[in-house]
Structures are given as C-alpha cells and as structure tokens.
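Note sheet for the following structure.
What follows draws every value from the coordinates through simple rules; no lab data is involved. Remember, predicted model here, so these are calculated numbers, not experimental data. Cβ atoms come from the backbone with ideal geometry, glycine included; neighbour counts cover every protein chain shown.
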Amino acid sequence: MKPLAGIRVIEVGSVVLAPYAAQLMADMGASVIKIESFKGDSTRSLGHAEHAGMAALFLNCNRGKRSVCMDLRQGAAIQAVKRMISQTDVFLHNMRFDSAQRLGIGYDSLRAVNENLIYCATYGYGAAGRGAKRPAYDDIIQAGSGIAALKARVDGVPTYAPTIIADKTTALFVALGIMGAVMERMRNGKGRQLEVPMLETMTHFVSIEHLNGLTWQEPKASSGYTRLLTSYRRPHRTSDGYLAVMPHSESQWRKFFTVVGRPDVLTDPRFADPAGRSRNIEALYLVVSETLPTRTTAQWVELFTRHDVPFGPVNTLEDLVADEHLDDVGFWHTAQHPTEGLLRVPSFPVRDGGPHGDATPAGPAPTLGQHTQEVLMENGYSAQEVQTLADQGVVKLA
C-alpha cells in the first residue's frame, strides 16, 4: 500500500504548480479529484497532442486523477464542491487569494463544511504582501527570485532556466507541507490552513547557496556562491564531444590532475586548499577546460571510471529514454492510456521499499469531465440531478 492511500484530495488547479503537486500525491497513493472549467486546464493544449485536449504537458502533470468539469462561477457548482469537501482530506488550489475568496472557496467557507480539512493555497506572492494581487507565472518568479540575474553574473545577460523550475520546485514544497499537515492531523485530529507562495519559495531555494556573505545581518562578503558563477562551469569539450567532470574533494582533485597529466597544478598555491580553490575557481575550471580536448570522450570515461573521478555524460532528452542506468532501475514505464495509446511514463522517484521497491507512477491522466457524473453520484447526487446540472450549464459531462 502506498503511503498516502486513503487520503482524498480536491485540486482546483491549472498550468503546472498545483497540478504537479497533486500528481505527486497521486503517485504516493492519494485519491485526487481535479476540478476543471468547461475549457479545461490550459495545459491540455500545450505541447504535442495526438487528440484535442490531451497534450503532452497535461498528460505529464495529471496522472492518476479524476476530472470533474464545472463552472465555479455558479452557486450550484460551489454547493457541489462543498458537498464533496465534507468527505475530503485536502483541498488545493493555485488561484490568487482574492479570487478564491470571491468564488466562495476560501478557507473559512470550506472549513465551515469540514473543520478537519487541510486547505492549501499556492500562488505567486504571499497574500499578506503588496504583490498579492499581481499575476505570476514561472518566468516572472524566476526573474523576481534572482535566478535570471544570477545568469547575468556569468555572461552579462539575465536568462531564464529552460525548465519550469519555479512551478515545479514550489510544487515540491506544496506536497511537503501537505504531508506535514496530514501527519499533524493524525496526532491531534485538526485541519490546517497552508499558504505556499512561489516568490517566497524560490527566494528560499536560491538563498541556500547564494546568500553567501549576506547570511550575516551586516554583510561580510558579496552574495553568490562563486563556484556556480563562472562561465567555465559547464560541460567541457573533449576531442570529439562533451563531458561533465566535477572533482570536489581534495582527493578527487588530486586524482583528476594526476590522471590528466597535470601534476603541476597540484603545487600551484592558488589551488592548495578548498578555500583557495573556491577563490580561484574560474582559473581552476579554465585548466580543466583546456585539458579535456586532448582526448576523446570514451578515453576520458575509461580513465575517470578507473580512477573514481566524478564525471557524467551530457545526455540529450532523447538519450535519457535509452539511458542504461535508467534501464537498469526500471525508470521508464509503458502505460496504456484509454484515448492516447501507449505512453512512456517516468517512475515516481521515491522508491517505496528500497532499490527494488515500488516506483510505479499513478494511472492515466483523465479526459475533460471524464468523471463528473461518477464523482457527483458518489457524493449523493442522483443521475437525474447530475443531468439537470448539466442541462443548466453548471457541470459538463464527458
């Protein structure tokens, strides 16, 4: 049995943040109901799609959920949500605070129905701050949290990371916070209100290494972790490709420079100890960059493997689906989707039971409104009542 089996979650989410957090919980065994508008989550049309409304991004953020389609601007839909809430453990949304209040699905409204509810709101900026009413997407938060500016310290140009890092990282904190609240409720039986804003989450995330001298109230040095802010921190060119090489400890650096035939570097006072290497990291990485082109990737792989020097391939996304290590651990699964055919699905990365334990991901992502009737009838509506709601434009049936 998976760790969140028996936990019931309602997600009113769109794009990546709340949907990915809810999918993580589904991967851990939670039963997740996704409430969507008549247009559906916008990711249903983002990325490649074989069928309308079932694009790759949606398929990869919404596995294992049931879709209920309703118009939350209508009172009858809110009443249906409240009926569902009475039997729910967790309510999760990623709309702005004031929007949730206006619709009637703020914390106080839903707690009045279920006082043991764990209510989690996740959005761009904390509701107590002046940014609360500003719209926010991943790029905006990457800029606001310092990520884009850090790249400018490397090459002079602010740049976004080419992945939806703010949404996905915040989603991890959402899942973490909800699981903490679930554990607390097991002890005292009480629900809890949670807020997980993106800007605050990503500022926390970036500050771990980059606060540096600003860690002291009276700054003792500049911000930024020097090792990460050099243009030579990159995969290094070999004579026929690229290779990631990352000696870190004293013994690893000694082995590296011995193996590559540069023992002279070991006597350079700039690199004599960890503090010196950190201060002179750009010069150190420059030596690495100048050395790797002297042999092929395969030759370096053989040498570094034999001498236990940290290295890794520079995989493309296409390489990942054929990666030998990922194949060894059974990372990629093949899943039959009822409308989309055979899909490639990654394992849930927390393997329950150790190296050979269960890493099976949740089931297929739903079509829009696929479970509207099923879920409403589970919550006391008759088939005729569901049909009436559909006729009135309150809900949409698949």
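Couple of notes before you dig in:
- 20 °C / 1.002 mPa s Stokes-Einstein diffusion coefficient of region 212-354, Kirkwood radius on C-alpha pairs, µm²/s: 117
- Mean residue ellipticity (222 nm) of the chain, computed from DSSP H runs ≥ 4 via -39,500 (n - 2.57), nearest 500: -11000 deg cm²/dmol
- Cα centroids of region 325-356 and region 140-214: 27 Å apart.
- Charged neighbours of G13, selected by a Cβ distance under 12 Å, balance to -2 (K, R count +1; D, E count -1).
- Annotation: aspartates and glutamates with alpha-carbon distance below 16 angstrom to K255 (same-chain offsets under eight excluded): D264, D268, D273, E302, D308.
- Here's the picture: charge each Lys and Arg Cβ at +1 and each Asp and Glu Cβ at -1 in region 129-199, and of Q142, M186, G129 the one pushed furthest to the positive end of that dipole is M186.
- Helical segments meeting 27 Å axial Cα length and Kyte-Doolittle -0.5 threshold in the chain (DSSP H): 165-188
- If you wrap region 236-313 in the convex hull of its Cα atoms and look at it from every side, the mean projected area works out to 4.4 nm².
- For the residue pairs K2/K82; K2/K168; K39/K65; K65/K190, the C-alpha atoms sit more than 19 angstrom apart in K2/K82; K2/K168; K65/K190.
- Grouping the Cα pair distances of the chain into 10 Å bins from zero gives a pair-distance distribution of 4, 18, 25, 23, 16, 9, 4, 1, 0 percent in increasing distance order.
- Note on the chain: GNM, Cα springs under 10 Å; of P135, P349, P219, the largest mean-square fluctuation is that of P219.
- Modelled FRET efficiency - R0 35 Å, V157 with A275, Cβ distances, 0.05 increments: 0.70
- The chain: relative contact order in percent, alpha carbon pairs under 8 Å with at least 6 residues between: 18
- For region 21-116, relative contact order (Cα pairs under 8 Å, six or more residues apart, normalised by length) works out to 25 percent.
- Using a simple spin-label model with pseudo-atoms 7 Å out from Cα toward Cβ, T258 and Q101 lie 6.6 nm apart.
- GNM flexibility winner over the chain from I141, I208, I178 (Cα, springs under 10 Å): I208
- The spacing between region 276-310 and region 30-89, judged by their C-alpha centroids, is 49 Å.
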